Amino acid sequence: MSDQTTPEATNTTISEEELRRIEGMAAQITCPLPISADEKSLLMNEISQLLEQQNAVLIAHYYVDADLQELALKTGGHVADSLEMARFGHEHPADTLIVAGVRFMGETAKILNTEKRVLMVEDEATCSLDLSCPIDRFSAFCDAHPDRKVVVYANTSAEIKARSDWVVTSGIALDIVRHLHDQGEKIIWAPDRHLGDYIQHQTGADMLLWGGVCVVHDEYRSKELMLMKEQMPDAMVLVHPESPRSIIQLADVVGSTTALINAVQQSDAKRFIVATDRGIFYKMRSIAGDKELIEAPTAGKGASCVSCGHCPWMAINTLHKLRDVLKSGGKTIEIERKIAEQALIPIQRMLDFAAQREVDMKIRGDA
Ligand code: 13P
Ligand code: SF4
């Protein structure tokens with residue numbers, strides 16, 4: 001539970017009890033132990049061959065284990081934020097997409113590539129935001145507010161996407177909501193109440209917020225972060241907007257995983273306090289090895305395991321599981337045709353918006 005409940009999320013649509021239950025599910029996951037260098041090398045070789053034989057490509061999120069990120073890059077795959085993962089899978093010619101991340105990322109890949117085989121490294125990897133937003137209740141909520149555009153975060157099920165007008169990721173949410181607000185639209189936002197609150201403040205849009213939270217980002221603590229800042233006044237504070245408002249207020253940079261990585265690369269600062277999953281340190285170190293990265297403080301000792309600053313569902317993606325999935329065929333992601341067709345519309349809307357944004361940035365000379 002965060003150290004500050006976002007005030008505007010009063011119309012919460014999921015109870016605190018349900019949020020505690022989801023948090024409990026996350027806390028029960030046992031994170032895998034690291035493997036030896038020899039084992040890693042053997043597994044990497046075996047997997048590289050299997051990927052090639054099956055014309056498969058590995059697409060990994062910045063939060064998964066460093067070994068998987070390394071392997072994705074070595075084998076011609078990709079490591080990215082959720083928006084880029086969707087784009088890469090869509091454009092890549094491989095017959096099979098293997099997603100190292102969480103379920104909504106695999107489902108998005110499938111919706112965009114219905115003709116391709118899409119596998120998850122870990123079929124059980126889900127997300128507390130996805131779990132917090134069941135379709136029946138969400139649909140009823142939308143039906144009760146028919147005058148509002150339904151904007152949902154990518155961290156949702158295919159059914160929720162199919163019920164929406166727009167799908168967004170943290171990399172593009174602000175621009176899309178600003179665009180809708182400029183057109184005079186009122187918005188339903190789901191499921192992350194902290195991200196919704198941040199966007200509402202930035203854009204001034206009229207937004208009704210769903211009450212979900214990310215079990216990882218919700219654990220950052222503002223008092224401890226303030227102390228840390230006092231002890232390291234030269235450090236730049238980087239915050240993912242799934243964090244509570246009290247943390248965002250202490251940030252020098254607020255942004256998606258890609259935006260935070262770019263900040264480390266482009267800033268003159270030598271130290272960074274990072275309020276997002278520590279899996280991202282692998283990428284940050286690979287592009288800026290001379291910079292010091294410090295994990296932002298969480299609820300810490302005595303709190304649940306999700307307070308370690310690492311998503312338990314991302315953590316269960318491993319090289320062993322990937323090898324096994326490639327050998328056994330794993331469970332392919334299947335989505336009912338009608339749902340996939342319906343969900344494609346708001347996803348494609350987001351991708352088209354992103355493509356147009358890039359063109360506009362190039363014209364303005366920002367890219
Ligand atoms: P990005 O969209 O920034 O990759 O974040 C996805 C996510 O799950 C963050 O917790
Ligand atoms: Fe979901 Fe949070 Fe894990 Fe991202 S870090 S996948 S939002 S639980």
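The values are calculated or read from the model by the stated rules, or taken from the named source; none is laboratory data. What you are looking at is a predicted structure, and each value in this text was computed from that prediction instead of being measured. Counting neighbours? That spans all protein chains shown, and the Cβs are built from the backbone with ideal geometry, glycine included. Side chains included, ligands, DNA and RNA excluded: accessible areas come from the protein's heavy atoms. Shrake-Rupley method; radii C 1.70, N 1.55, O 1.52, S 1.80 Å.
What FRET efficiency would be calculated for the residue pair ASN262, ILE363, taking the C-beta separation as r and a Förster radius of 30 Å, to the nearest 0.05?
The calculated FRET efficiency here is 0.90.
Hydropathy first: keep DSSP H helices in the chain averaging at least -0.5 on Kyte-Doolittle, then drop any whose Cα extent along the axis falls short of 27 Å, and list what survives.
Qualifying helices: 337-364.
Give me the percent relative contact order of the chain, please, defined on Cα pairs under 8 angstrom at least 6 residues apart.
Working: 703 pairs, mean separation 83.6, N = 367.
Computed value for the chain: 23 percent relative contact order.
Need one word for the stretch 129-186: rounded, prolate or oblate. Basis is the Cα gyration tensor (sqrt eigenvalues a ≥ b ≥ c); a/c below 1.5 gives rounded, then a/b vs b/c decides.
Verdict is oblate for the stretch 129-186.
Starting from the Cα of ILE345, step 7 Å along the direction of its Cβ; do the same at ARG178; then give the gap between the two resulting points in nm.
For ILE345 paired with ARG178, the spin-label model returns 2.7 nm.
Grab the beta carbon distance between GLN356 and SER36, set R0 = 45 Å, and tell me the FRET efficiency rounded to 0.05. Kindly include the intermediate steps, with their values, before the conclusion.
Working: r = 48 Å, r/R0 = 1.07.
With R0 = 45 Å, the Cβ-Cβ based efficiency is 0.40.
To check my understanding: the extent here is largest minus smallest coordinate of the Cα atoms along each principal axis. What are those three numbers for the stretch 246-367, in Å, largest first?
Ordered largest first, the stretch 246-367 gives principal extents of 49, 48, 30 Å.
Based on alpha-carbon centroids, what's the gap between the stretch 18-92 and the stretch 318-347 in Å, whole number please?
14
Which pairs, out of LYS161/LYS338; LYS40/LYS321; LYS110/LYS327; LYS110/LYS283; LYS110/LYS186; LYS283/LYS331, put more than 23 Å between their alpha-carbon atoms?
LYS110/LYS283; LYS110/LYS186; LYS283/LYS331
Could you give the distance between the Cα centres of the stretch 113-134 and the stretch 144-167, to the whole Å?
With the stretch 113-134 and the stretch 144-167 each reduced to a Cα centre, they are spaced 17 Å.
Send over a whole-number figure in Å² for the accessible area per residue of the chain, probe 1.4 Å.
Per residue, the chain has 42 Å² of solvent-accessible surface.
Can you tell me the FRET efficiency between GLU334 and ASP147 if r is taken as the Cβ-Cβ distance and R0 is 35 Å, rounded to the nearest 0.05?
Working from the Cβ atoms, E equals 0.50.
Calculate for the chain the 222 nm mean residue ellipticity that helices alone would give, adding -39,500 (n - 2.57) per DSSP H run of length 4 or more and normalising by residue count, nearest 500 deg cm²/dmol.
-13500 deg cm²/dmol
How long is the chain along each principal axis, judged by its Cα atoms, biggest number first, in Å?
54, 53, 49
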